[in-house]
1. Looking at this structure, is A:Gly102 touching an Asp or Glu at 6+ places or on another chain (Cβ under 9 Å) and either in contact (Cβ under 8 Å) with a residue 24 or more places away in the chain or of a type in the set (Asp, Glu) (or both)?
2. Identify, by number, the condition in (1) outside the structural domain of A:Val67 (by TED's automatic domain parsing); (2) buried (at least 18 other Cβ atoms within 10 Å of the Cβ); (3) in contact with a Phe, Trp or Tyr (Cβ under 7 Å, 6 or more places away or on another chain) that A:Ile110 doesn't meet.
3. For the stretch A:35-146, list the strands (runs of 3 or more DSSP E) that sit wholly inside it and hold at least 2 residues that are within 28 Å of B:Ala142 (Cα to Cα) and among the hydroxyl-bearing types (Ser, Thr, Tyr); which are they?
4. All but one of (1) within 14 Å of chain A (Cβ to nearest Cβ); (2) at positive phi hold for B:Gly155; which doesn't?
5. Would you check which residues across the stretch A:150-171 are at the interface with another protein chain (Cβ under 10 Å from one of its Cβ atoms) and not in a strand (DSSP E or B) and list them?
6. Would you be able to tell me the number of residues in the stretch B:61-89 that are more than 14 Å from B:Ala101 (Cα to Cα), outside any loop (DSSP other than H, G, I, E, B) and not hydroxyl-bearing (Ser, Thr, Tyr)?
7. In the stretch B:71-96, how many are crowded, with 16+ Cβ neighbours inside 10 Å, out of contact with any Cys (no Cβ under 6 Å at 6 or more places or on another chain) and under 30 Å from A:Gly141 (Cβ atoms)?
8. Considering each of A:Val126, A:Val113, A:Val97, A:Val139 in turn, give the residue that is over 24 Å from the mean Cα position of the chain (by Cα) and of a type in the set (Val, Ile, Thr).
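The values are calculated or read from the model by the stated rules, or taken from the named source; none is laboratory data. What you see is a predicted model; the values in this text were computed from it and never measured. Note that we place each Cβ from the backbone using ideal geometry, even for glycine, and neighbour counts take in every protein chain shown.
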Amino acid sequence: MIRSPLRAGIALACALSLSACGGGDGDVYVGGSITGNTKAGLVLTNNDGPRLEIPAGQSSFVFPDLVETDATYNVKVVASPDNTQPSTPGGTDGCKVVEGTGTGKAVFSISSVQVVCTLKTFPLTVRVNGTHAAGLAIVNGSDRQDVAPDATVVQMKQIPEGAVYGVAVLAAPGQTCTVANGSGTMDNVGKTVDLNCTTP
Amino acid sequence: MKKSILALCALTMAAGLSACGGGKSTYTIGGTVTGLQYPGLVLQNNLANDLNVTPLGPDGNGNIQNVAYSFPNEVDYGEPYSVTVKTNPQHQTCVNSSGTADTAGRLSSINAVIVCALVNNTIGGTISGLAADGLVLTNGSAGGTVTVTKDATSGAYPSTFTFPVGVTYGQTYGVTVLSNPANQTCSVSNGAGTMGDNKVESIAVTCVNNP
């Protein structure tokens, strides 16, 4: 209902400019929300129509072409950013559409389409230097990993490109352990940090 | 209100028609508690009638089970009831969700729903020696970041910080320096731990000028 004056305004503007709005001859907007869109490359279509390119970081979309009341809409992902994880190698479904089809209803805009992108993740590796005892544990925030006494490498949970990380020592009974260069931003390969332990 | 309902009831029954409220004259006050993981929850009805509710533990799939409860003493038709949390369980906070206050008999069945969740506390602490812009702290990859900036009016750098994102009971946290201020190096002590029942204010960030 809030959108009604806006719609009226747009309709008026269209009428005054004597051009069709967006090429569609309907009166229902089709759009929705996007999650996980952190890089350019997402392209959507509605009813296999013109490509709508979504800039990086945008969390919602609206197709410029309107659909007619009671006409069907069908939103598809035709390309996904290369930082997303498709279900099969080379696939375009790193971003997927939820609630993508339906019928346009009068008065209301369609804003219920959801596009969900699954980001590729990359390894965060901790190199363990020096002898260490049982009970050593390290964290990347809520991700806790225990370091076995014979471990030389520990893998933290993988994180997406662009995500920050910070590895800290949670527990080191009877010894002193520090993390060198433990914080940073994930790239598209993987990051390694050093855990250095000394026993008095 | 109550008297008029009772009067109507009496009249209806006297006339040999059906009884009011589905034929019942008293009602069991009860319902469901969701998310309950720890013991200690005490519910009340009408600020009395203490009722202990104990968790059931996870089901076969590891999901927290809903717990059904009912107060032993029934309530007369037309009497108001109000279920409230008297004591929270350990490590959790429980709140009223739906159907917790009404008049007995207005609905055919009473389901007063209480929702419990693990406590979520902030983490933070002190900053000393900070003299330039650029300090960014992070709590791992999912715990959010804090950018420490000069106070706009006083022009001074703050001596304390708090992360905008809380940490749930039992989860670990680990605060590190993501970005140092200009010409300074900061270190964190007491930066990692496991969340307990209270907020954390003991993380200490110390900044020194670069040589």
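1. On the way: touching an Asp or Glu at 6+ places or on another chain (Cβ under 9 Å): no; either in contact (Cβ under 8 Å) with a residue 24 or more places away in the chain or of a type in the set (Asp, Glu) (or both): yes.
When the stated conditions are applied, A:Gly102 does not pass them.
2. Of the numbered conditions (1) outside the structural domain of A:Val67 (by TED's automatic domain parsing); (2) buried (at least 18 other Cβ atoms within 10 Å of the Cβ); (3) in contact with a Phe, Trp or Tyr (Cβ under 7 Å, 6 or more places away or on another chain), the odd one out for A:Ile110 is (1).
3. A:121-129
4. Result: B:Gly155 passes all but (1).
5. A:Ala163
6. 5
7. The total comes to 2.
8. From the options A:Val126, A:Val113, A:Val97, A:Val139, the qualifying one is A:Val126.
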